[in-house]
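See below for the structure under consideration.
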Amino acid sequence: MLKTKIAVFVSGGGTNLQALIDAEKRGEIPNGEIALVLASNDGAYALTRAAENGIKSVVVKRREFPSQAIYEKKMKDILAENGIEMIVLAGFMSLLSEDFTAAYPKRIVNIHPSLIPSFCGKGFYGLHVHEAALEYGVKVTGATVHYVNEIPDGGEIILQKAVEILEGDTPELLQRRVMEEAEWVLLPKAVEMVAQKLQKGN
Ligand code: GRF
């Protein structure tokens, strides 16, 4: 069966990358293949995960390029050279311009650790998202997988999953529970959905 070639963009620990690798191994992403891991820095533990699983990886650092346009041109060249058809942003902390996102319409997905449109957009990343949810006092939060367009966290929603907030939660505890109960479950599902659509040419 033909598979959609996927690049996973990472900056940190890469637990979402691991969830994708594990799901692919279990046969849960029959329409996709993780063909490349692109990291924004060489300290990303996600790179070790890629190496351990025999996945090609590359590091592209924004600061090594004189402009956003030249940085993005480099990434586009790498994606083309590797025949990449779909991009997953899994904790990727480097900003992408509208020029980049428009080059891959409905082919870039992101995972965000809240129920969009709550606690998303500018400044809502990492622990800040969970701090904001606890501060507001919501009783339910969760994760969202969405297409990426020019609006931060503003593209069409693909899947969402709710997670209860519990008495005594700290941002760290909540972050972990959202990952375990929602992100690692949702991302492989959404990736298979999009990879399958791309195979059908939708
Ligand atoms: C996750 O919380 C994800 O939702 C957010 O960044 C974090 C990445 O974690 N976009 P990891 O690198 O996958 O462990």
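The values are calculated or read from the model by the stated rules, or taken from the named source; none is laboratory data. What you see is a predicted model, and the numbers here were worked out from it, not measured in a lab. Glycine gets a Cβ as well: all are built from the backbone with ideal geometry, and neighbour counts include every protein chain shown.
Hey, can you tell me all the residues within the range 62-119 that are surrounded by fewer than 19 Cβ atoms within 10 Å (Cβ to Cβ) and of a type in the set (Val, Ile, Thr)?
Within the range 62-119, Ile70, Ile78 meet the criteria.
Can you say whether Glu167 is closer than 26 Å to Ile6 by Cα and either away from the ligand (no atom under 15 Å from the Cβ) or at pLDDT 95 or above (or both), as far as the supplied structure shows?
Against the criterion (closer than 26 Å to Ile6 by Cα and either away from the ligand (no atom under 15 Å from the Cβ) or at pLDDT 95 or above (or both)), Glu167 does not qualify.
So in the range 1-33, with the set limited to residues that are acidic (Asp, Glu) and not in a loop (DSSP other than H, G, I, E, B), which one is farthest from the ligand (Cβ to nearest atom)?
The first filter runs over the range 1-33 and keeps only residues acidic (Asp, Glu), leaving 22, 24, 28, 33.
After this cut, where a residue has to be not in a loop (DSSP other than H, G, I, E, B) as well, the list is 22, 24, 33.
Values: Asp22: 13, Glu24: 15, Glu33: 19 Å.
Looking at the filtered set, the residue picked out is Glu33.
Given the conditions (1) part of a loop (DSSP other than H, G, I, E, B); (2) touching a residue at least 60 places away in the same chain (Cβ under 8 Å); (3) surrounded by 17 or more Cβ atoms within 10 Å (Cβ to Cβ); (4) not charged (D, E, K, R), which single one is not true for Leu186?
(1)
Conditions first: (1) closer than 18 Å to Thr4 by Cβ; (2) within 16 Å of the ligand (Cβ to nearest atom). Leu79 passes all but one, so which condition is the exception?
For Leu79, the failing item is (2).
Any residue at all in the range 89-111 that's within 11 Å of the ligand (Cβ to nearest atom), hydroxyl-bearing (Ser, Thr, Tyr) and either in contact with a strand residue (DSSP E or B) (Cβ under 7 Å, 6 or more places away or on another chain) or without any contact (Cβ under 8 Å) to a residue 24 or more places away in the chain (or both)?
No: the range 89-111 contains no residue that is within 11 Å of the ligand (Cβ to nearest atom), hydroxyl-bearing (Ser, Thr, Tyr) and either in contact with a strand residue (DSSP E or B) (Cβ under 7 Å, 6 or more places away or on another chain) or without any contact (Cβ under 8 Å) to a residue 24 or more places away in the chain (or both).
Among the residues of the range 151-159, are any crowded, with 17+ Cβ neighbours inside 10 Å, touching a residue at least 60 places away in the same chain (Cβ under 8 Å), within 14 Å of the ligand (Cβ to nearest atom) and not in a loop (DSSP other than H, G, I, E, B)?
No, every residue in the range 151-159 fails to be crowded, with 17+ Cβ neighbours inside 10 Å, touching a residue at least 60 places away in the same chain (Cβ under 8 Å), within 14 Å of the ligand (Cβ to nearest atom) and not in a loop (DSSP other than H, G, I, E, B).
Being out of contact with any strand residue (DSSP E or B) (no Cβ under 9 Å at 6 or more places or on another chain) and either of a type outside the set (Asp, Glu) or at pLDDT below 95 (or both) narrows it down to one residue among Gly54, Gly14; which is it?
Gly54
So, Asp153, is that one acidic (Asp, Glu) and within 14 Å of the chain's Cα centre (by Cα) or not?
Taking the combined requirement at face value, the residue satisfies it.
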